[in-house]
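Please read the structure below before turning to the comments.
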Amino acid sequence: MEVVEEANKILEEKINTVIDIEYIPYVNKQEEILKKLYANDQVDVIDYRLQDLKEYIKDLNIADLTDLLPVYYPEIMGPSIDLDSMYTNGRIYQLPRVSTSAFQQRTCLVIDREFYKAAKEPSVETMKDVMALYKFGIEHENEQGDKFLDGDINRHFICPIFDVLRLCIQENGYTPLAINTFFAVKDGEIIDLFETDIIENCYHYLADMYSQNALSQTFLNWINWAPRPNSKLPGLSMALTSFGMNSYYAIKDPDEFNRRYVTMFIGEHDPYSYKTLHPIFTICDNGSADRSVIACRYMYGNKELNQMLTYGVEGKHYKFVENQIENIWHDSRSVFNWWPSIVNDKFYLAMDYAPEGAEQYVKDFYDHPKQVISGVNNGKLNSYVNLAKADQELNDAMERRQEVYETLYFYEKSLSKGIPYEEIVSDLGKSRQRVLLEFIKEHINNLKG
């Protein structure tokens, strides 16, 4: 493969190493990998997480990385990184990668370009702005004489509850914790969102749009997004969705998607992020485990090499158009993200269908990270969810909130029956919810370091 050939030039020059990749089809993948390993087929690195790793450690001579990682991959030993999940029998047998994730992703609006242009390309910052576009789409037609939004011809506003809740919460100056628990932070204080009117207003927004027959509660389907009149899947005319680099890797026919739709961020953001470890590679103990760790770390951590492994060779597999990447297709194929395990979002380059400002948005997580609550690791903020399960009263209060979320998740069912918001939240129990709130406040205060 051309990308591997070019990557090997860098690897050989920098660390005197080359890689030879063998692809194993996903069907019966573990079975095929085990065959090669039991045959001692000179495998150095496995890009696969073996199930029941404990059973294979001794028989397959899998390398113990516990003492190698501090020497050859020291950044994973940082104070903000929790290694506990990496241990098997008290040792580390899988090579992880360090990822930086958004505590809460930004909300994006995806909208038909003709629709947006006809509406005079307004600024979209709030839920009310979104609803104004929805109203325009219900009332106006495209060049073919079809309404921009019309459920009868499968032209929908795709609006999953997760994204609309986050938008409504964030535009009011709150940072949501776990969306499905309805707690948030504002000015350093933890707030029960049921003690505000935000969730109720959100439900009323949905009720208003639902009554006009073009709303869908489903998530945006990146594969089957086209608004085909006879399709059982909701067709895309407008959508709320979460920004995430991985979702953009999965778009079917991305060039056509970009021709038909524009994607934009809604509202402002703060770069609240946290670091996590993801086990990706198993290293075989064949006498060169240290070299394998060095090579994997270099492929993941070197900007030039990682971007080549993610996007291909500039001029051959992609080109820059107005500071964004446009794929160059060969035989109807793109090399973009051909090796997902090695992708490092730190070196993210925005594709031409990503929202404006996406590259800077990702960069801010690495260069200008902020804490939601001063002194508390963002990655530990939602640890209260599991801790509450240990106490019957707290767990009961949490389950009541989860029931509300599940009802809102399938809001089309509630709205079709005319169920009012007051009925949805009637079983929460104010006293038990206050106890839960105080528990969360105390727990997070104890996390401050």
Q. With no solvent and one point on each alpha carbon, what is the Debye value of log10 I(q)/I(0) for the stretch 1-56 at q = 0.20, 0.23 Å⁻¹?
A. -0.84, -0.95
**Q.** Counted charge near Q360, where neighbours are those whose Cβ lies closer than 14 Å (Asp, Glu -1; Lys, Arg +1)
**A.** -4
Q: Mind jotting down the distance between the C-alpha centroids of the stretch 287-322 and the stretch 72-96, whole Å?
A: 22
Q | Residue among I325, S431, P340 farthest towards the positive dipole end of the stretch 310-437, charges placed on Cβ | A | S431
**Q.** Built amide H within the under 5 Å cut-off of A178, gap 5+
**A.** F183
Q: Using a/c under 1.5 as the rounded threshold, could you call the stretch 1-108 rounded, prolate or oblate? The axes a ≥ b ≥ c are square roots of the C-alpha gyration tensor eigenvalues, and prolate needs a/b larger than b/c, oblate otherwise.
A: rounded
Q: Calculate one ³J(HN,Hα) per residue across the stretch 221-231 by plugging θ = phi - 60° into the Karplus curve 6.51 cos²θ - 1.76 cosθ + 1.60, and present them in order as whole Hz with x for glycine and proline.
A: 8, 6, 8, 10, 9, 5, x, 7, x, 9, 6
Q.
Within 10 Å of each candidate Cβ there may be at most 14 other Cβ atoms; applying that plus a DSSP loop requirement, which trypsin sites (Lys or Arg not before Pro) in the stretch 360-449 survive?
A. K389, K417, K448
(Q) Semi-axes of the equivalent ellipsoid for the stretch 161-266, please: Cα gyration tensor eigenvalues, times 5, square-rooted, ordered largest first, whole Å. (A) 30, 18, 10
(Q) Report the number of Lys pairs in the stretch 337-449 whose alpha-carbons are under 17 Å apart, with separation of 8 or more residues or on distinct chains. (A) 9
**Q.** Lysine pair number, Cα distance threshold 30 Å (strictly under), the stretch 1-132, separation 8 or more or different chains
**A.** 11
Q) What are the radius of gyration and Dmax of the stretch 59-195, computed over its Cα atoms and given in Å? A) 23.8, 68
Q | Counting DSSP beta bridges with both ends in the chain, the antiparallel % (nearest 5) | A | 80
Q | Amide H within-cut-off set for F281, under 5 Å, with H built and near neighbours excluded | A | L95
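If the only charges are +1 at each Lys and Arg Cβ and -1 at each Asp and Glu Cβ, what is the size of the charge dipole of the stretch 131-282 around the Cα centre, to the nearest 20 debye? Please list the in-between numbers first.
Values: 11 positive and 20 negative charges, 137 e Å.
It works out to roughly 660 debye.
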Q) Separation of the stretch 183-250 and the stretch 1-65 by C-alpha centroid, Å? A) 40
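Among the trypsin sites (Lys or Arg not before Pro) in the stretch 1-74, which ones are in a DSSP loop with at most 12 other Cβ atoms within 10 Å of the Cβ? Mind listing them? It would help to have the intermediate numbers written out before the result.
On the way: sites: K9, K14, K29, K35, K36, R49, K54, K58; in loops: R49, K58.
Counting only loop positions with at most 12 other Cβ atoms within 10 Å, the trypsin sites (Lys or Arg not before Pro) in the stretch 1-74 are K58.
Please work out whether the stretch 320-361 counts as rounded, prolate or oblate from its C-alpha gyration tensor, where a ≥ b ≥ c are the square roots of the eigenvalues and a/c under 1.5 means rounded, while otherwise a/b larger than b/c means prolate and anything else oblate? Let's see the in-between values first.
Working: a/c = 2.85, a/b = 1.21, b/c = 2.36.
Oblate, because a/c is 1.5 or more while a/b does not exceed b/c.
How much FRET efficiency would the formula 1/(1 + (r/R0)^6) give for Q360 and N28, where r is the Cβ-Cβ distance and R0 is 35 Å, rounded to 0.05? Please report the intermediate quantities before stating the final value.
Details: r = 43 Å, r/R0 = 1.23.
Efficiency, rounded to the nearest 0.05: 0.25.
Run the helix sum for the chain: -39,500 (n - 2.57) per DSSP H stretch of 4+ residues, divided by residue count, reported at 222 nm to the nearest 500 deg cm²/dmol.
Details: 17 runs with 166 residues, N = 449.
When only DSSP H runs of four or more count, the value is -11000 deg cm²/dmol.
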Q) In the stretch 1-76, which chymotrypsin sites (Phe, Trp or Tyr not before Pro) fall in coil by DSSP and have 14 or fewer other Cβ atoms within 10 Å? A) Y23, Y26
Q | Cut-off 13 Å between beta-carbons: net charge of the residues surrounding C159, Lys and Arg +1, Asp and Glu -1 | A | -2
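Using the Cα centre as the reference, give the magnitude of the dipole from point charges on the C-beta atoms of the chain (Lys, Arg: +1; Asp, Glu: -1; all else neutral), rounded to the nearest 20 debye. Intermediate values should be presented prior to the final figure.
Numbers: 46 positive and 70 negative charges, 57 e Å.
In debye, rounded to 20, the chain gives about 280.
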Q) Quick one: Karplus J couplings for the stretch 427-435, per residue in order, coefficients 6.51, -1.76, 1.60, θ = phi - 60°, nearest Hz, x for Gly and Pro? A) 9, 4, x, 4, 5, 5, 6, 5, 5
(Q) Per residue of the stretch 84-100, what does 6.51 cos²θ - 1.76 cosθ + 1.60 with θ = phi - 60° give for ³J(HN,Hα)? Whole Hz please, x for Gly and Pro, Karplus curve as stated. (A) 3, 5, 8, 8, 10, 6, x, 10, 9, 10, 10, 7, x, 10, 8, 10, 10
Q. Between the stretch 130-162 and the stretch 380-449, how many Å separate their Cα centres?
A. 33
Q: Compute the Cα gyration tensor for the stretch 280-371, then decide on rounded, prolate or oblate, letting a ≥ b ≥ c be the square roots of its eigenvalues: rounded whenever a/c is under 1.5, prolate when a/b is larger than b/c in the other cases, and oblate in all that remain.
A: oblate
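Only four residue types carry charge here, +1 at the Cβ of Lys and Arg and -1 at the Cβ of Asp and Glu. Report the dipole size of the stretch 95-158 about the Cα centre in Debye, rounded to the nearest 20.
Numbers: 9 positive and 11 negative charges, 95 e Å.
Roughly 460 debye for the stretch 95-158.
Just so you know, all these numbers are worked out from the coordinates, no wet-lab data involved. Note that the structure is a prediction, hence the values are computed from the model and not measured. Reconstructed Cβ throughout: ideal geometry from the backbone, glycine too, with neighbour counts over all protein chains shown.
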